[in-house]
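The values are calculated or read from the model by the stated rules, or taken from the named source; none is laboratory data. In this text the structure is predicted, and so the values were computed from the model without any measurement. Quick reminder, even Gly has a Cβ in these numbers, built from the backbone with ideal geometry, and neighbours come from all protein chains shown.
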Amino acid sequence: MSEFDVSEADSGEEQAQTLPVVAVVGRPNVGKSSLVNRIIGRREAVVEDVPGVTRDRVAYDAEWQNTQFTLVDTGGWETSVSGLAAMVARQAEYAAQTADVILFVVDATVGITDADEAVTRVLRATKRPVVLAANKVDGSMQESDALGLWNLGVGEPYPISALHGRGTGDLLDAVVAAFPEQPRGEDETDSEDGPPRVALLGRPNVGKSSLLNRLAGEERVVVDSVAGTTRDAVDELIELGGKTWKFIDTAGIRRRFRALQGADYYATMRTGAALERAEVAVVLMDVSAPLAEQDIRVVEQVVEAGRGLVLAFNKWDVLDEERRVYLEKEIDRQLGRVAWAPRVNISAKTGRHMERLVPAIETSLAGWSQRIPTGQLNNWLKELVAQTPPPVRGGKQPKILFATQAGARPPHFVLFTTGFLEDNYRRFIERRLREDFGFEGSPVHLSMRIRE
Ligand code: GDP
């Protein structure tokens, strides 16, 4: 995958890791859709393979022998018919740009056509591995037809029958063998075992230890600490809403940093360390004081760490009406960027709305873990792009060929494109993703993979 130019949505974002992508190319009527259906194990009626007829979906989640990959049906990419050979050559070009392995399907009973040769020329020019499927070899009668496809010069033809399933196992073995180095799937360090891990964050005096004490259901002595002794993280298991939660680094909450030199710096470090181990963060803010830069910074740290986020506004008991009106404006202005985060207005002192905290945390965890199947995602994307295409850039209209959700916790999407998508457009996609699928309480990463 290193051959791709990777352009990231935001600076500093790590490179997107996706499953291997297999693109199925070939002229119409060779049986691409049947093969796609066969591979993804779908028994639906085959969409008619006619030039100019767009399919409703282009990309699917697929698996062979415990290896997962994204299967792309290029049939849906080009709708204009500017000559058959030109059209399939164009599809093959897109495929070569975006796929790790190209699955080239030829009809063995027809033999090599002009369009097949046009595809071959494109594929020869790329460095992508090509696996050649000689389709419609329904019985031994057609075996010799398949042999004729050696003449294409793209390697061994695998005789298959997409319709009956004959030979597809060997074909898929060859496809999987051609995958690049093992891609990283999920982040292994993000174990889903054990109780959900919550970081309780916020600047000093917003009420973290008061809240923790209330949640833990007992008053505890808050020990003043000196620098150095706060390093040991202590996690506490707390029962809430009939479930056990692990609160991360509660030692950092229970012990106070008081007017320490560089306390800010240590607080930031500590927050970062807690976030690394947490799945979701509750950022506590004090409504009796104006929102401070430090409040915003903690929120930004959560977003940058890619963790679920809950905004908890504490000391609601001392909030008067005038301040409340002002606070709403402050929140809109300063926290508009995280409008997707659930909010709770609480009082650690009186216990107000404590029962709302757990549902808010659960909402964030769910949004953080959410996955959209590749087929559904592309169905949705296709409609979105048809309604609002990406803006023209440098006289060219970038095409979004397909998308996959490369990971969850947090959700991470990769768009495979033929050109650069403007920030505005990517934000538009993110906004619509949230509107239509939720992802409440979670940052969403969107990156592009383009080859200009
Ligand atoms: P921490 O530094 O974030 O752990 O904050 P603390 O829990 O030590 O609270 C700082 C101060 O705010 C203490 O004097 C608390 O009694 C007070 N406090 C905490 N929560 C509330 C609340 O909900 N309402 C009011 N009025 N005071 C609170």
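For beta carbons closer than 7 Å, sequence separation of 6+ or different chains, a first residue in segment 342-361 that is over 21 Å from residue 279 (Cβ atoms) and part of a loop (DSSP other than H, G, I, E, B) and a second that is near the ligand (Cβ under 10 Å from one of its atoms) and hydroxyl-bearing (Ser, Thr, Tyr), the qualifying pairs are 348/210; 349/210.
Cβ-Cβ contacts under 9 Å between residues 6 or more apart (or on different chains), taken from a first residue in segment 402-421 that is among the charged types (D, E, K, R) to a second residue that is buried (at least 22 other Cβ atoms within 10 Å of the Cβ) and in a strand (DSSP E or B), are listed as 409/308.
Here is a yes/no grid of residues against (1) more than 25 Å from residue 212 (Cβ to Cβ); (2) part of a loop (DSSP other than H, G, I, E, B); (3) basic (Lys, Arg):
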site	(1), (2), (3)
368	no, no, no
375	yes, no, no
382	yes, no, yes
389	yes, yes, no
401	yes, no, no
406	yes, no, no
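There is at least one residue in segment 338-349 that is more than 28 Å from residue 216 (Cβ to Cβ) and in contact with an Asp or Glu (Cβ under 9 Å, 6 or more places away or on another chain).
Conditions (1) modelled with pLDDT of 95 or more; (2) loosely packed, with under 14 Cβ neighbours inside 10 Å, marked per residue:
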residue: 328; (1), (2): no, yes
residue: 345; (1), (2): yes, no
residue: 354; (1), (2): no, no
residue: 360; (1), (2): yes, no
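Out of all the residues in segment 97-130, which are of a type outside the set (Val, Ile, Thr) and assigned to a strand (DSSP E or B)? Once the filter is applied, which keeps residues that are of a type outside the set (Val, Ile, Thr) and assigned to a strand (DSSP E or B), segment 97-130 yields 103, 104, 107. State which residue is modelled with the highest pLDDT when the search covers only segment 190-213 and only residues that are of a type in the set (Lys, Arg) and more than 7 Å from the ligand (Cβ to nearest atom). So the residue we want is 197. For segment 402-452, a residue qualifies if it is among the aromatic types (Phe, Trp, Tyr) and in contact with a Leu (Cβ under 9 Å, 6 or more places away or on another chain), and the qualifying residues are 402, 413, 416, 428, 437, 439.
When you check residue 349 against the structure, is it of a type outside the set (Gly, Ala, Ser), within 16 Å of the ligand (Cβ to nearest atom), outside the structural domain of residue 440 (by the TED database) and over 27 Å from the mean Cα position of the chain (by Cα), yes or no? So residue 349 passes the test. When segment 283-334 is limited to residues that are basic (Lys, Arg) and either touching a residue at least 60 places away in the same chain (Cβ under 8 Å) or under 15 Å from residue 347 (Cβ atoms) (or both), the one that is farthest from the ligand (Cβ to nearest atom) turns out to be 307.
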